[in-house]
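Report on the following structure.
Please treat every number below as a calculation from the coordinates, not as lab data. Computed from a prediction, not measured in an experiment: that's the story for all the values here. Note that we place each Cβ from the backbone using ideal geometry, even for glycine, and neighbour counts take in every protein chain shown.
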């Protein structure tokens, strides 16, 4: 990792709150999202989906559908490659079933027709002969020997023999002597928890427009978190060269991890290839719920020992996650994150993934961490309550800090956990009085953060203004942050920079917009590209002045002689250097290509007050405060927005949201009426406190902020509800019937 | 299926179109009239992303048949700005960072304007309940409520 110096310097533009460059487009309806583009001669695609949770496909007869007037093509699993790479193969099978359907909503065929109505009518004419198989929906049931097997032969070598074939992987993290640790404790609490699968709930369903020509070139427009990922995946599934498939990312109407894979994109491409016409595919909301990635659902046991004075002596967790009908590594991240906030001598976590007949998991904001940390932070709170200790003091006493060997292995560098805990302790919210049936809860949150492959080009126009070209879809204001960092580094006004998200043919491979990586790694690459351009500008000016490049320096947006020995020259501004560039060697551009590391882990603390109605079990969130280390808040409004948005998604997860299955294995609530995400009237203000503990891995100290805020709400609210209701809640969501049942059982 | 001829006013302009009997107003706006500002988030009236004004009422365009629009006055997010001048709600949404992905924004702006047209000085609670039919998954609503209230204050002529 590169360690950057002077990251705590004063900034002129970073930290201000200018209007985002895509703001006008987005408030006038002009911004183009996935479903907003049409093409001449365009066809419409519709997808036929399995009504069964688990069934063998004996045959598919598409002849009647193909014969319908207006139908131009039908595709099934046979139209897609099965790549050797296991992960790509799973994506292929998930986009279109082969010999079996693995969950309710699994795609089995797709039609392209002259109108959506004709395409829909054609779906009814596709005859699929199913042999219905027994299904399994619950992770604990799926792990039992004798459970219906979702897929055979998918277990990794580290799974012991004798377990159900649904168990695909096992992982283990930690250090120290657990037995000795628990023996030192004055109190040991052991609890089991369950969390429901939830959906990212982005408001924009998946949508794309594909156009393949007969000579093998293809263009694809789609809403995605990563158009390079779409290119590589679709090229593999369709047998195309990546370079011949140009993918353009539309504006994206939310993703939260759910748009880090493909669903309808290869289907639209296959239909376009078969028809020679552009094909548009747009998912319905029901399809989004039934067939795109929810989170894992989880079953977790946690055991923690504590001394009377509040020192944690040992922590142990067993996590059983199901990522749906395919192998899934999300449990590894849960097992690593579970105890990340603590400095422990003895800690061990064990993770298992088991397949169930549910849709393939897709990442959702800090994937795997909210469930694990919910379980751990619930037990910590129970220990504090039993021992009569202040829950913030206990967390401060046990907090991980610089030099702590983390529970998952690495030793922490500069981290902001202690600062956020102390900010929470000093905040008036923590000591505000509570009324009857009210409770206060808190929880720490953690996310690893990520850097990854990133390319940025900075092009200088002849008038001295600047275009930044990058490859990561702007999902929540990143163009603004990137423009701010470019303007800061060059010493020019923010308005003189335009940042664009380029298509896959116009910039080098850039990893998916995930892992809270964009402001960190695209920002880093932008700053480095600007430094590259500044070096080139210095060389140009040195040439004009006839002196050594070492004899000039960059200061305040202009090139100056480096000292009195360099000669007496009037400084040249960017505008002057740009205007002279045709005579000094041609156009000027800066580049940076990097596989960035040093993302810097992120911690936050959430504080919440709730009121529980003892007659109905209904919970109202009264007050909510988020404390989080942002490293450096480049555009503080959008940092606050991440903290508020993540907190509210967590509130939904804690109180309402869940995938509900019937005995037939079908999803019973595939719509926003029955899968209830928080609405404005459910919520109070979400107060935010940004801490800035600079990340030494970024030239300005930035660390990702997007994912951590969804982690603490689950336990913070569970702890608040448990204190308000006088009974420990151990299952999410804490919907009114579940809370009422616990209150009645308490007596 | 026979198509139905419809005459209506959209954002002040007279329009005529043919629609299928089962075609939604949302599909007509987006696919026949090229007004893609209103979005389909659910198609069942639960998310509000397709909110438009129909004869002075906020409606989910996905729940209205295009044929019902005969003789109606419709306005969409595309009609909110006056030429180059943004509506105060639009400006305050940008200034307050009240959008992240922006896909719910058109519907929320249309609904918020309808609120301010009938109640120029709403409380937080009134804004929150009025917008309860408009889902936003990114912002947690906090900055949206602030933007609506600060736009309302400007429109009332209050000193900020």
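The table below lists the values:
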item: For region A:109-267, average projected area of the Cα convex hull in nm²; result: 16.3
item: Euclidean distance between Cα centres, region A:485-556 to region A:1-75, Å; result: 29
item: Per principal axis, descending, Cα span of region A:236-307 in whole Å; result: 70, 30, 23
item: Over chain B: helical MRE at 222 nm, DSSP H runs n ≥ 4 each giving -39500 (n - 2.57), nearest 500; result: -8500 deg cm²/dmol
item: Kirkwood-type radius of region A:38-114, with distances r between different C-alpha atoms, in Å; result: 13.5
item: Region A:633-742: relative contact order in percent, alpha carbon pairs under 8 Å with at least 6 residues between; result: 39
item: Directionally averaged shadow of region A:226-365, computed from the convex hull of its alpha-carbon atoms, nm²; result: 11.7
item: Descending principal axes extents, region A:460-508, alpha-carbon based, whole Å; result: 28, 25, 14
item: Relative contact order (%) - criterion: Cα under 8 Å, at least six apart; region: region A:402-536; result: 26
item: Square roots of five times the Cα gyration tensor eigenvalues for the protein assembly as shown, Å; result: 39, 38, 30
item: Kirkwood hydrodynamic radius of region A:359-399, Cα pairs, Å; result: 11.9
item: Where only alpha carbons of region B:58-109 are counted, the Rg and the Dmax (Å); result: 13.4, 39
item: Equivalent-ellipsoid semi-axes of region A:130-183, from the Cα gyration tensor, Å, largest first; result: 32, 13, 8
item: Computed label-point distance, nm, for sites residue B:84 and residue A:616 using a 7 Å Cα→Cβ extension; result: 5.2
item: Percentage relative contact order, region B:55-137, counting C-alpha pairs under 8 Å, at least six apart; result: 29
item: Size-normalised alpha-carbon gyration radius of region A:370-454, reference 2.2 N^0.38 Å; result: 1.28
item: Estimated distance in nm for a label pair at residue A:500 and residue A:274, the labels positioned 7 Å out from Cα along Cα-to-Cβ; result: 3.6
item: DSSP beta bridges in the protein assembly as shown [antiparallel fraction, %, rounded to 5]; result: 80
item: Cα gyration tensor shape for region A:561-703, rounded if a/c is under 1.5, else prolate or oblate; result: prolate
item: Gain on full stretching of the segment that runs from residue A:10 to residue A:215 - 0.36 nm per residue minus C-alpha separation; result: 68.3 nm
item: Förster radius 25 Å - calculated FRET efficiency between residue A:82 and residue A:595 (Cβ-Cβ, nearest 0.05); result: 0.30
item: More than 28 angstrom apart: percent of Cα pairs within chain B; result: 21
item: Compactness of region A:412-470 - radius of gyration and Dmax, Cα, Å; result: 22.4, 68
item: Viscosity 1.567 mPa s, temperature 4 °C, Stokes-Einstein D of region A:76-150 from Kirkwood C-alpha radius, µm²/s; result: 88
item: Length gained when the stretch residue A:396-residue A:426 is fully extended (0.36 nm per residue, less Cα-Cα span); result: 9.5 nm
item: R0 of 25 Å, Cβ-Cβ distance residue B:70-residue A:115: FRET efficiency to nearest 0.05; result: 0.65
item: Exposure proxy ranking, count of Cβ atoms within 10 Å, fewest first, for A:591, A:106, A:606; result: A:591, A:106, A:606
item: Gain in span if fully extended, residue A:156 to residue A:467, counting 0.36 nm per residue against the direct Cα distance; result: 107.2 nm
item: Kirkwood Rh (inverse of mean 1/r, distinct Cα pairs), region A:563-636, angstrom; result: 19.7
item: Ellipticity estimate at 222 nm from DSSP helix runs (n ≥ 4, -39,500 (n - 2.57)) divided over chain A, nearest 500; result: -8500 deg cm²/dmol
item: Percent of Cα-Cα distances greater than 23 Å, calculated over region A:518-603; result: 33
item: Principal axis dimensions, region A:608-672 - Cα atoms, whole angstrom, descending; result: 50, 31, 17
item: Neighbour-count order for A:602, A:681, fewest beta carbons within 10 angstrom listed first; result: A:681, A:602
item: Computed E for residue A:660/residue A:553 - FRET, C-beta separation, R0 60 angstrom, nearest 0.05; result: 0.40
item: Measure of compaction for region A:684-747 (Cα Rg per 2.2 N^0.38 Å); result: 1.66
